[in-house]
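What follows is calculated from the coordinates using simple rules that are stated; it is not laboratory data. If you're wondering where the values come from, they're calculated on a predicted model, not measured in any experiment. Note that each Cβ is placed from the backbone with ideal geometry, even for glycine, and that neighbours are counted across all protein chains shown.
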Amino acid sequence: MLINTARGSLAAFALLAITGTAFADVTVYTAGPASLIEKLAAGFTEETGIKVEFFQATTGQVMARIEAEAANPVVDVLISASWDTATDFAERGWLVPYTSPNAANVPDFLKSETAVAQGVSALAIAWNPNSKTPKPSEWADLAKPEYKDLVNLPDPAQSGATFELVAALEAQGGTKLFEDLAANGAIVAGANAEALNPVLQGAKAAVFGAVDYISFNGKDKGESIEVIFPASGTVIAPRPAMILNWSKNQDDAKKFIDYMLSDAGQAIVAATNLMPARTDVAANRPLIGDLNILTIDTEAVYAGREATLAAFAEIFQ
Amino acid sequence: MSATRTQPVNPAVLIAAFGLVIVVAVPFAFIVLQAIFPELGRGSLAAPFSRILDVLVDPRLIRMTGNTVLLGVGVVILSSLIAVPLAVLRALFRVPGALLWDVLMLVPFMIPPYIATLGWIMALQPRGYAEQLFGFNLAPFLFSIWGIIFVMTLNTFPVIYFAVSRTVEAVGSRYADVGRVFGASAWRSFWRITLPLSTPGLAASMLLVFAMAIEEYGTPAALGRRAGFDVLVTGIDLRVSAGPSARRGAPLLSRVRGVMCFGAFLSRRGILPRRSYQITTGKPQKLEKRALGRWTVPVVLAFVVVSFLATAVPLLAILATALSRTISGGLTLSNLGLVNFAAILADGPGALKALTTSLSLGVAAALFTGLLGALSAYAVVKTSMRGRGLLDVLTILPNALPGIVVAVGLILAWNQPWLPVTPYNTALILLLAYCCILLPQPVRYATAAFHQVGDNLEAVARVFGAGPMVAFQRVLLPLILPSLLASMLLVFAVATRELVASIIVAPVGLQTISTYIWRQFEQGSVGLGMAMAFVTILITTLLPLIVLSLLGKRGSLL
């Protein structure tokens, strides 16, 4: 009986699986928020009639999948959360050069021959006003005694943007800031979302280097959280979109990039509280021009990544 | 080849071997190949061995290995301390409300460990639910090795509880009564007769708990990193997600863990075969349980405390989060409501599709691994085939591989351009992944059960003219069915919530329950994720209960 049931259910399941396979016109792999790609895909299909299937995960998981699939890849468009990916893939020669007509208003540092930003996030201090602590305005404030044992940092080994923030701040003033933070009881708490959650409940008062759009979204839902961009500067994480050269649907993929950079597409980006890549699109939050952006020497910083991370881990041990 | 001349190959063994090759050997072969040829994903055999040599020296490796062993052993010891006494009491005595306790012990199984951990964090961290309600927090305890062992034990002890209570029940009091007749005290006959005869179930379930403990990612990642307590799994994940330059260490780390699993497995093989545990001999036996007498109150109290900690606390924390409009609002009346549940309903298609996908995958995985597990265990325990040792190794192999490595192996194997048809990019690849990861569970349970079934029973069936398949289906399978069903339930529970492999191999556009919840967390919608988790726990607990009571098997499982 058991055997027959198993056979029957497997056959039914196989049927289900095969009929359920959609052959999309464009396949997008994205490390961005799920709600963003859902809305972009729906809007794109409505406007052009071209179907979109997407796979959404963290940057690391997306890369692991692309590497494992390399013998027979299916991805047409990749949207990463780290500009590093765009540089790396361009060096490997995996990208199709394309400049969308809609990219005219995207500033030069957010586009290259083979990639263009979808949107931009920045790192900030996410602070809970109910935490009975004074409102911080600078990174260094969080090393003060008022915030003893009340600060979380996302792990730079898990978050590319946090790593760049650490590198940029260390380039400014050495490792002293982080030593002070560690001495003040700040802890390194997993990836971005994991670091924010204890601040919302009140176990901690602030995240040092929170991803801004997640905190803005929480604030929109009524969470008690404020996003503070220190005047001394912060880093931004542009999210590059690129077309892979093995894509058999390159024309449709280009149309997808065009849509992503259109007025409608950028409005969807702005609605998820990311900064739009186009400077002429409004958003209900501080934009790139409002921030003091710290620049890093990407090549040197990434060459020293292992050493920076090891030193950082040493400080917070 | 003399054996095959005198005895035709048993079809059960052939099916088992074929299934194991597809489910385990193929992805494993590709993982090994990729470790040797790092460019394999690109269809190239360039630069062999370049990565293996790179990673052999890592000072952190030793510390992580030590931590992993410590964690596994700690969880096994604490789980046994909690589960074995309760299971023995449940099996040999009439415990008031026995069925209720069984159901309550089933729930921790169904709570995904990362959800339970988050529930504990939200309950015990400073200004958590415990502090909001009762004014205390236990953060120093929770974020320590003891906290990790505590939380993981509450998640895994049901494995031992169900295995031991079933085995002891099967042993019954009959053999112990013989001891009593010959003058042994009740304690003595328990220690010397009942407990030793239950060793297969106990050993199998302890091995499973050890494997689950050193495999679990969410709990050590959430609690341990703050305490500076790194284990191999968190090390593997860091490397896999860190980018190409750091990724090369991952295969080595998983291999170290694999060695540990094999060690535990071999030590179990060392314990078992020396003696006979055959207690199911075909003689009818009365199932008679004793009264607890004056011990009734303390025993019931023990069940209450354990199910409160393992079931009530995490469930209440999950529910509290799911009912909160905002996390920062805390547990005030104005902040509570059904907003998150309403949001799930509003996202009907997405949430419902994720639920159906995961539930059907869970059922399919349970049936498939149950069947394959029973056949493989039969081939290993009850036949004298050549190569059955190899089959045995194949069944334990998945325990040595973390989900993310299995996922990568499956993609490498099934995404080759020359394959005419492939399960890749269909839901079937998820089924293959779940079967590979979870196969050890039914195999271990079925192996333990087969060890207790007398050889005579099959022989009798064969004497009366039954072929090997008929004897398996009509005589042996029904005898091991209670154990097998328990393990299939476990497979169902774990498959419906598997996260790591699901994220990597899921076909584009397909969501499972776990990826759905994970995405909510990633976007900071903790309440929404918890609401979905709560609904899932209810369904995954109720569904097997309903199915089993419809089948009329409730008595044998619960």
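General observations
- Fluctuation leader among A:300, A:161, A:41 - chain A, Gaussian network, Cα springs under 10 angstrom: A:300
- Taking Lys and Arg as +1 and Asp and Glu as -1, the other residues whose beta-carbon sits under 15 Å from that of residue B:155 total -2.
- Using the Karplus relation 6.51 cos²θ - 1.76 cosθ + 1.60 with θ = phi - 60°, the per-residue 3J(HN,Hα) values for the range B:202-209 come to 5, 4, 4, 6, 5, 4, 4, 5 Hz, with x marking Gly and Pro.
- Projected label distance in nm at residue B:334 and residue B:187, using a 7 Å step from Cα toward the beta-carbon: 6.1
- Among the residues of A:215-225, the average count of other protein chain beta-carbon atoms within 10 Å of the residue beta-carbon is 4.
- Of all the options A:100, A:35, A:159, the one that moves most in a Gaussian network model of chain A with Cα springs shorter than 10 angstrom is A:35.
- Sorting B:439, A:150 from the fewest to the most surrounding beta carbons within 10 angstrom yields A:150, B:439.
- Calculated FRET value between residue B:418 and residue B:309, using beta carbons and R₀ = 56 Å, to 0.05: 0.55
- Long pairs among A:51/B:353; A:111/A:144; A:219/A:255; A:132/A:176, criterion Cα-Cα beyond 28 Å: A:111/A:144; A:219/A:255
- Packing-based exposure ordering (other Cβ within 10 Å, fewest first) of B:212, B:385: B:385, B:212
- Exposure proxy ranking, count of Cβ atoms within 10 Å, fewest first, for A:137, B:144, B:185: B:185, A:137, B:144
- Semi-axes of the equivalent ellipsoid for the range B:63-219, computed as √(5λ) from the eigenvalues of its C-alpha gyration tensor and ordered from largest down, come to 34, 18, 13 Å.
- Total formal charge among the other residues, if their Cβ is under 12 angstrom from that of residue B:303, Lys/Arg +1 and Asp/Glu -1: 0
- Hits among aspartates and glutamates - C-alpha to C-alpha of residue A:204 under 18 Å, sequence gap 8 or more where chains match: A:138, A:141, A:146, A:149, A:155, A:180, A:194, A:212, A:223, A:226, B:131
- Partners of residue B:382 within straight-line reach, counting lysines whose Cα lies under 22 Å from its Cα and excluding those fewer than 8 residues away in the same chain: B:283.
- Take the Cα of residue A:176, step 7 Å toward its Cβ, do the same at residue B:549, and the gap between the two points is 7.0 nm.
- FRET efficiency estimate (nearest 0.05) - Cβ-Cβ, residue B:539 to residue B:22, R0 30 angstrom: 0.50
- Karplus-derived 3J(HN,Hα) values for the range A:119-128, using 6.51 cos²θ - 1.76 cosθ + 1.60 with θ = phi - 60°, are x, 9, 10, 10, 9, 8, 8, 9, 10, 8 Hz; glycine and proline are entered as x.
- Using θ = phi - 60° in the Karplus curve 6.51 cos²θ - 1.76 cosθ + 1.60, the 3J(HN,Hα) couplings for the range B:413-418 round to 6, 9, 10, 6, x, 7 Hz; x is entered for Gly and Pro.
- The mean count of C-beta atoms from other chains within 10 Å of the C-beta of residues in A:67-78, rounded to a whole number, is 6.
- Most mobile listed residue (A:273, A:184, A:72) in chain A, GNM with C-alpha springs under 10 Å: A:72
- Simple spin-label estimate for residue B:175 and residue A:310 gives 5.6 nm between the two label positions (7 Å along the Cα-to-Cβ direction from each Cα).
- For the range B:401-558, the square roots of the Cα gyration tensor eigenvalues, ordered a ≥ b ≥ c, give a/c of at least 1.5 with a/b no greater than b/c, which places it in the oblate category.
- Cα centre as origin, Lys/Arg/Asp/Glu Cβ charges: chain A dipole, Debye: 720
- A Förster distance of 51 Å, applied to the separation of the beta-carbon atoms of residue A:279 and residue B:319, puts the FRET efficiency at 0.65.
- Highest to lowest packing among A:102-113, B:521-532, scored as the average C-beta count within 10 Å: B:521-532, A:102-113
- Exercise: per-residue mean of other protein chain Cβ atoms within 10 Å, B:322-328: 6
- When the range B:425-470 is reduced to its Cα atoms, the Kirkwood hydrodynamic radius in Å: 13.3
- Distances between placed amide hydrogens fall under 5 Å for residue A:118 paired with A:239, A:241, all partners being 5 or more residues away or on another chain.
- Under-5 Å amide H pairs with residue B:93, H placed in peptide plane, nonlocal only: B:290
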